[in-house]
Amino acid sequence: MSYTTEELRGDIVFIKDAMKIDGGSEFDKRLDAISEIIREKGKRDEGCEFVEDEEYWECSECGLMWSLNDGNPFDNEMRHCPKCGLIISAIRFTETDYTQDDMPKVERIIYPPKGATP
Ligand SMILES: [Zn+2]
């Protein structure tokens, strides 16, 4: 059985409410600490996205601006953000759609190549 981190954090809120846990008590602080660990795990599991911004790639979580000479982060075998260390779960950029007459910009999302080990 697998639960989302949001479900687990909701359970902690429920437990606090059901047990009428006093805000600021030692047990309340411990439950808050558990909730924070669960939140951090959720962030690690979810990872970050690298979004192209002109000549930089920006991490969605820590805001690192990373410049590459050529290609995208996956082309350059990047699997983690160099600053926050989260797994790069996707990259986003816009490109011109040359198949259309008015050549609109289209957003593209690329996920890590299969078999890539984070
Ligand atoms: Zn980052």
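Observations on the model:
- Rg and Dmax of segment 47-110, Cα atoms only, in Å: 12.6, 42
- Here the translational diffusion coefficient of the chain follows from Stokes-Einstein with Rh set to the Kirkwood radius across Cα pairs; for 25 °C and 0.890 mPa s it amounts to 143 µm²/s.
- As a length-normalised measure over Cα pairs under 8 Å and 6 or more apart, the relative contact order of segment 47-110 settles at 30 percent.
- Note on Asp28 and Ile109: their simple-model spin labels are 3.9 nm apart, each label 7 Å out from Cα toward Cβ.
- Ordered by the number of other Cβ atoms lying within 10 Å of each residue's own Cβ, fewest first, Val51, Val13 fall into the sequence Val13, Val51.
- Net charge over other residues, Cβ less than 13 angstrom from the Cβ of Pro104 (K, R count +1; D, E count -1): -3
- The chain: angle of helix 5-18 to the longest principal axis, Cα-based, in degrees nearest 10: 20
- Calculated FRET value between Asn69 and Thr99, using beta carbons and R₀ = 30 Å, to 0.05: 0.60
- This ranking places Asp101, Asp32, Asp17 by how few other beta-carbon atoms lie within 10 Å of each, fewest first, which gives Asp101, Asp17, Asp32.
Just so you know, all these numbers are worked out from the coordinates, no wet-lab data involved. Note that the structure is predicted; figures quoted are calculated from it, not measured. Because the Cβ atoms are built from the backbone with ideal geometry, glycine has one as well, and the counts that use them run over all protein chains shown.
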